[in-house]
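Asker: After the structure tokens below, expect a handful of questions from me.
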């Protein structure tokens, strides 16, 4: 695995020596507040730190997955939980064996090193397995299905009008009818797909990505006319959200296999989804909350033998809360940015007027130039506002919805537990009934009772198995979700930054063009 | 702020500055420090404590002084206004429970910085006022100016007396009348005709621009504040890279806001007030012209009635002299004002453009570093 250690990142200013390995293992929880320069360094020097992961607040970027190699790691857990760039897969089978301890600990028992951080991991044997693991996971993750939602088109007129989108698919998977194809779908079709998937898959503990919410106000404006800027923005916002929704669905290994998904992507004409009336923004939320209500009404508190679920649920709730808070501030940012656009435009006009008034010729020209620069600034601010909104705000909205879905699947697991408990208590009752019958000596009824007992024993076993299975799925789903989330946030932030970069560079050009004008004043 | 009015405080015979100031509640106490080689002063180097009201007293007495009617009296410094940061501090205190400790601390720091900026600004604006006076050939010799600089007792008593004496005469006069007066007179002098037209128009335009610039810089400040909240919330989500990005973007935005504020808005605001002072000069000259015209009429009347002719003649001469003196002095003042204004605008605009470029470049570097860090890490993740 020398090859992997060759891929050491280009030197950053204060790159430290990699020899820090073993001593670092004694370190406490690595600070989440590592700056950008130390994170890549952390990778390059492969600092190992013990996994005091229980106390860590959820990190948008960390991916808590570890390889399930059988190689012992002498108690050293993956440092990559703190590392932005950790990417080690979890194999859930490992986790169910050790009750009472944090699942993260279990999952990261043997931490395959990060490719570039290989050299500080003393057990050299760990290295080969982790890379294999990585490759395995890579192939698992590349589904080779690309979907796009484009070309919004208003069909019809008046209150019956709707917007049809082109859904294009490009794939190499055999299960589809061809390599590239497209269909036209409307919003209610997307909702219909979501409903079908929820009904089927949530019972298994899957995290079903939710589509964007209905908006009566938004749609009414569009029905009336699609030309004004707010309608255009609404349609574009919805198109982008639908695209992200679909991309998340096909990125999910189990959901992709679902025939409804295939039908959605392939079939020319879909039967009109009628029950989507219930799935307005409020309706979908209601569905989630129904599950939580059932959980809350439980008189028997679930005896959690595995604190991983409790801890994770708490994390999810906290994160959702923080994201909502963040969303509120970002909304404020977007509004203020729009205000800035307005006040800059107004100021530019005022400057132009002042320039006209000015009697010194050179100064007059400079002031007019300043007015033009401010006009260009307004344009920049507009673009920045769009970036703020479409990249940042929408990202937050997506993840608030998704976290709701995550909570939903946790609740499904609790429901499964409930069903198991209920079956057990019914079984208990049946056994008591049998005992009574034995006492009362009624042979024919006894036979029936025995049959019922056998039936319920089977049911109990089934429910127990379901519960275990759903638990495993939830675990897997959550870990996958976290990985996707980290990737998603990172790529969106990069996009946001690139837009900002462009904007700043143009700003420099504008002012550099103005400077000689200012200097020419005499 | 220093670049707002250039070429001040170069004459070593009288150097004035405000080296420090104290803020007690709402009252700011300025330490006015004078260094002089002039024999008219008792000591060569001394300091006195002064309040804002003392500056206003000085300004008003200068305005009321007949001898200075032909001069542009430097505009009085505006009252120290801590309203904005104080209000924000109050709001912050109210909302303390709803935010994290870190967010609160950050916001508090920002407010303290804002408070400090207001403080610095007010010190500078008072300083510039004094320096304008000390660099003016006539005004620097003013007796009241000397008292202001030297008198080591409280000026409060003098201030009260002054109020009683003048009753704020000029100030209480209906100012709006001056526009009508100025535009109404028949102007014989081309120079003043042009100046009148120019100044009236320019004043309204620059007043408008000042207001719009203030609004724009407020928007910038709001955005900077939003970024504080964002970075605080991101911190609690433990998203390190983005926190740094937003903190640095916020700092850049905040810096842009304060620099734009400082350069452009201050420039506009200062010259708006200066132009008002120039307009006041035109008003006084217009008044003198009216007096002269009236004295002419009175002389004609006296001649007709053959009564009190010598007094009327004398009065007319006096009015003419006064008018001529004002015109001559006024022309000089307005010409140098023009030059001063152009130079100040040039300096400010250059500095502003340079700052914008600098900050954009810094921001570009920061953004580039963070994003390349992120992109590179992403590549690492997907590498086989």
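Asker: In the list A:367, A:333, A:354, which residue meets the criterion of being facing another protein chain (nearest Cβ under 7 Å) and closer than 21 Å to residue B:200 by Cα? Let's see the steps before the verdict.
Answerer: Details: A:367 fails: facing another protein chain (nearest Cβ under 7 Å); A:333 fails: closer than 21 Å to residue B:200 by Cα.
Matching residue, one of A:367, A:333, A:354: A:354.
Asker: Let me ask you something else. Do we find that residue A:424 is out of contact with any helix residue (DSSP H, G or I) (no Cβ under 6 Å at 6 or more places or on another chain) and either more than 9 Å from chain B (Cβ to nearest Cβ) or touching a residue at least 12 places away in the same chain (Cβ under 8 Å) (or both) in this structure? I'd like the intermediate steps shown before the answer.
Answerer: Numbers: out of contact with any helix residue (DSSP H, G or I) (no Cβ under 6 Å at 6 or more places or on another chain): no; either more than 9 Å from chain B (Cβ to nearest Cβ) or touching a residue at least 12 places away in the same chain (Cβ under 8 Å) (or both): yes.
So residue A:424 fails the test.
Asker: Looking only at region A:466-475, decide whether some residue is within 14 Å of another protein chain (Cβ to nearest Cβ) and surrounded by fewer than 20 Cβ atoms within 10 Å (Cβ to Cβ).
Answerer: Kept after step one, since they are within 14 Å of another protein chain (Cβ to nearest Cβ), are these residues of region A:466-475: none.
Scanning region A:466-475 turns up no residue that is within 14 Å of another protein chain (Cβ to nearest Cβ) and surrounded by fewer than 20 Cβ atoms within 10 Å (Cβ to Cβ).
Asker: Restricting to region B:22-40, give me the number of residues that are buried (at least 17 other Cβ atoms within 10 Å of the Cβ) and modelled with pLDDT under 90.
Answerer: Here the count works out to 1.
Asker: Inspect all residues belonging to region B:333-353 and state whether any of them is more than 14 Å from chain A (Cβ to nearest Cβ), surrounded by 13 or more Cβ atoms within 10 Å (Cβ to Cβ) and modelled with pLDDT of 90 or more.
Answerer: Yes, region B:333-353 contains at least one residue that is more than 14 Å from chain A (Cβ to nearest Cβ), surrounded by 13 or more Cβ atoms within 10 Å (Cβ to Cβ) and modelled with pLDDT of 90 or more.
Asker: Give just the number: which of (1) more than 28 Å from residue A:499 (Cα to Cα); (2) touching a helix residue (DSSP H, G or I) at 6+ places or on another chain (Cβ under 6 Å); (3) part of a helix (DSSP H, G or I) does residue A:359 not satisfy?
Answerer: Of (1) more than 28 Å from residue A:499 (Cα to Cα); (2) touching a helix residue (DSSP H, G or I) at 6+ places or on another chain (Cβ under 6 Å); (3) part of a helix (DSSP H, G or I), only one is false for residue A:359: (3).
Asker: Among (1) buried (at least 17 other Cβ atoms within 10 Å of the Cβ); (2) modelled with pLDDT of 90 or more, there is one condition residue B:44 misses while meeting the rest; what is its number?
Answerer: Looking at each condition in turn, residue B:44 falls short on (1).
Asker: So is residue B:66 surrounded by fewer than 15 Cβ atoms within 10 Å (Cβ to Cβ), under 28 Å from residue B:330 (Cα atoms) and without any contact (Cβ under 8 Å) to a residue 12 or more places away in the chain or not?
Answerer: On the way: surrounded by fewer than 15 Cβ atoms within 10 Å (Cβ to Cβ): yes; under 28 Å from residue B:330 (Cα atoms): yes; without any contact (Cβ under 8 Å) to a residue 12 or more places away in the chain: yes.
Answer is yes for this residue.
Asker: Out of all the residues in region A:136-180, which are loosely packed, with under 11 Cβ neighbours inside 10 Å and modelled with pLDDT of 85 or more?
Answerer: Once the filter is applied, which keeps residues that are loosely packed, with under 11 Cβ neighbours inside 10 Å and modelled with pLDDT of 85 or more, region A:136-180 yields A:178, A:179, A:180.
Asker: When you scan region A:499-519, do you find a residue that is at pLDDT below 85 and more than 7 Å from chain B (Cβ to nearest Cβ), even just one?
Answerer: Scanning region A:499-519 turns up no residue that is at pLDDT below 85 and more than 7 Å from chain B (Cβ to nearest Cβ).
Asker: In region B:106-206, which helices (runs of 4 or more DSSP H) lie fully inside it and hold 1 or more residues that are modelled with pLDDT under 75? Talk me through it step by step, then tell me what you get.
Answerer: Values: elements: B:143-150, B:156-166, B:169-172, B:176-184.
Result: B:156-166, B:169-172, B:176-184.
The values are calculated or read from the model by the stated rules, or taken from the named source; none is laboratory data. What you are looking at is a predicted structure, and each value in this text was computed from that prediction instead of being measured. Every residue, glycine as well, gets a Cβ built from its backbone with ideal geometry; the counts of neighbours run over all protein chains shown.
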